[in-house]
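The values are calculated or read from the model by the stated rules, or taken from the named source; none is laboratory data. Just so we're clear, the structure is a prediction, and the values are computed from it rather than from any experiment. Here Cβ is always computed from backbone atoms with ideal geometry, including for glycine, and neighbour counts include all displayed protein chains. To get the accessible areas, we keep the full protein, side chains included, count just its heavy atoms, and leave off ligands, DNA and RNA. Shrake-Rupley method; radii C 1.70, N 1.55, O 1.52, S 1.80 Å.
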Amino acid sequence: MFNLESIVRPNVLKMKPYSSARDEFKGTASIFIDANENNLGSLAGENYNRYPDPHQKQLKQLIAEIKGVKPSQIFLGNGSDEAIDLLFRMVCRPGVDSMLHLPPTYGMYEVSANLNEVQLEAVQLTPDFQVPVLELLRSIKETTKLIFICSPNNPTGNLIEPESIETILDNFDGLVVVDEAYIDFADAPSWTTRLDEFPNLVVLQTFSKAWGMAGLRLGLAFASEEIISLLDKIKPPYNINEATQQLAIQALSRTEALSDMIEEIVQERELLKQALPNLKPVLKVYPSDANFILVKVTDANGLYNYLLDKGIVVRNRSSLPGCEGCLRISVGTLEENQKLLQTIAAFETKDNRQ
Ligand SMILES: Cc1ncc(COP(=O)(O)O)c(C=O)c1O
């Protein structure tokens, strides 16, 4: 039986969160001299001399409407990387507890585990990049507090079968974190629609991908009110800066433009998927529900360096177990994708001459 209190670190349960000036006074007033701000103004313009809303109320209200959840089910982080780190700090006792992840997958789970002195358990995805559920369940230890499942998975691009995730949620008494950074490009419902069924579910999303706001650093965690209030308790008080909050509020009114961008990226992805297998250096194009494609090629290091030489940077993933010989290619603009295809085709000719 999942019991949140029993998995949260005792010091986190016990501690009092920082109380900011804005927490201690909430009414209206004409003079604010309570937060050691610069009341003369800001060299950056706007209202930036003032600390931002630590609870991001307006932003959370708008996100709640779009995502169909309650504001109290939303945590906002300085990128979803911050939410990943805080999840470790919330439930994993350094030097005692452990987490499980499923490589090849997003590298920050491992980095955060190492930073927080949390033991890392890895269960390799199957050759078609799905979860070997029984093996995963057998690997759970008494100290396992977190399981990270990335869907669509980075760097492989595929969705993880929902039945597998459901079985894990039903059979694990720690937190199951489903990282949906790329869900906007997938033809599948978000796990946010199942929050009320699973008290141990945490869903991560981000404004860095489909929304095109990687530079602003805004990530989301969706979970039960109890989990969210613990994340809020341990976050740095002003983790989402004022510029990001304002720009995100503006962006949230542009959902039509968001849909258009997603549609164009998905269309370009499909064109790349069709064109890439016709090129000689390409051995396999993996299915993708994300804004990138994993491609197995004849000579990953050679092609990577050749593309670099031509001014095109892709991600060389060939050293990751399970991704041998693979490059990960983000979907670019139509022109960029055409240039990429032509350049790979030229490598083919060079390859043939040798
Ligand atoms: C699977 C996955 N999760 C999380 C992130 C981090 O996102 P953010 O920019 O919100 O920190 C990334 C970034 O590439 C990612 O691929």
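So, of the residues in region 55-78 that are basic (K, R) and part of a helix (DSSP H, G or I), which turns out to be farthest from I183 (Cα to Cα)? Among those residues, the one meeting the criterion is K57.
Conditions (1) of a type outside the set (A, V, I, L, M); (2) assigned by TED's automatic domain parsing to the domain that holds N153; (3) closer than 23 Å to H101 by Cα, marked per residue:
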position: K284; (1), (2), (3): yes, no, no
position: S288; (1), (2), (3): yes, no, yes
position: Y304; (1), (2), (3): yes, no, no
position: V313; (1), (2), (3): no, no, no
position: P321; (1), (2), (3): yes, no, yes
position: T333; (1), (2), (3): yes, no, no
position: K339; (1), (2), (3): yes, no, no
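Listed by first and then second residue, the pairs with beta-carbon distance under 6 Å, at least 6 apart or on different chains, first residue in region 235-252 and closer than 18 Å to F75 by Cβ, second in a loop (DSSP other than H, G, I, E, B) and open to solvent by 20 Å² or more (accessible area, probe 1.4 Å), are P237/Y18; Y238/Y51; N239/N78.
Applying the selection to region 88-97, what residues are within 23 Å of G77 (Cα to Cα) and not in a helix (DSSP H, G or I)?
Filtering region 88-97 down to residues within 23 Å of G77 (Cα to Cα) leaves 88-94.
Within region 88-97, C92, R93, P94 qualify.
Every condition in (1) among the aliphatic types (A, V, I, L, M); (2) closer than 28 Å to I165 by Cα; (3) buried (at least 18 other Cβ atoms within 10 Å of the Cβ); (4) within 14 Å of the ligand (Cβ to nearest atom) is met by I227 except one, and the failing one is (4). Just one of the numbered conditions (1) in contact with a Phe, Trp or Tyr (Cβ under 9 Å, 6 or more places away or on another chain); (2) part of a strand (DSSP E or B); (3) over 23 Å from A181 (Cα atoms) is not true of L294: (3).
Based on what the data block shows, is L102 of a type in the set (A, V, I, L, M, F, W, C), modelled with pLDDT of 95 or more, assigned by TED's automatic domain parsing to the domain that holds Q246 and surrounded by fewer than 16 Cβ atoms within 10 Å (Cβ to Cβ)?
Considered against the rule, which asks whether it is of a type in the set (A, V, I, L, M, F, W, C), modelled with pLDDT of 95 or more, assigned by TED's automatic domain parsing to the domain that holds Q246 and surrounded by fewer than 16 Cβ atoms within 10 Å (Cβ to Cβ), L102 comes out as no.
Looking at region 199-209, which of its residues are crowded, with 20+ Cβ neighbours inside 10 Å and not β-branched (V, I, T)? Within region 199-209, N200, L201, L204, Q205, F207, K209 qualify.
Taking the criterion of being at positive phi and touching a strand residue (DSSP E or B) at 6+ places or on another chain (Cβ under 9 Å), the only residue of region 9-61 that qualifies is Q56. Restricting L87, L137 to those that are under 14 Å from the mean Cα position of the chain (by Cα) and among the aliphatic types (A, V, I, L, M) reduces the list to L87.
Considering the conditions (1) open to solvent by 50 Å² or more (accessible area, probe 1.4 Å); (2) of a type outside the set (A, V, I, L, M); (3) in a helix (DSSP H, G or I); (4) in contact with a strand residue (DSSP E or B) (Cβ under 9 Å, 6 or more places away or on another chain), S259 is excluded by exactly one of them, (4). Working only within region 90-118, note down all residues that are within 16 Å of the ligand (Cβ to nearest atom) and more than 28 Å from I293 (Cα to Cα). Result: L115, single match.
Here is a yes/no grid of residues against (1) more than 18 Å from E242 (Cα to Cα); (2) open to solvent by 50 Å² or more (accessible area, probe 1.4 Å); (3) in the same structural domain as E197 (by TED's automatic domain parsing):
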site	(1), (2), (3)
V12	yes, no, yes
G41	no, no, yes
I63	no, no, yes
I66	yes, yes, yes
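Of D53, D23, D81, all but one fail to be assigned by TED's automatic domain parsing to the domain that holds V8 and within 16 Å of the ligand (Cβ to nearest atom); the exception is D81.
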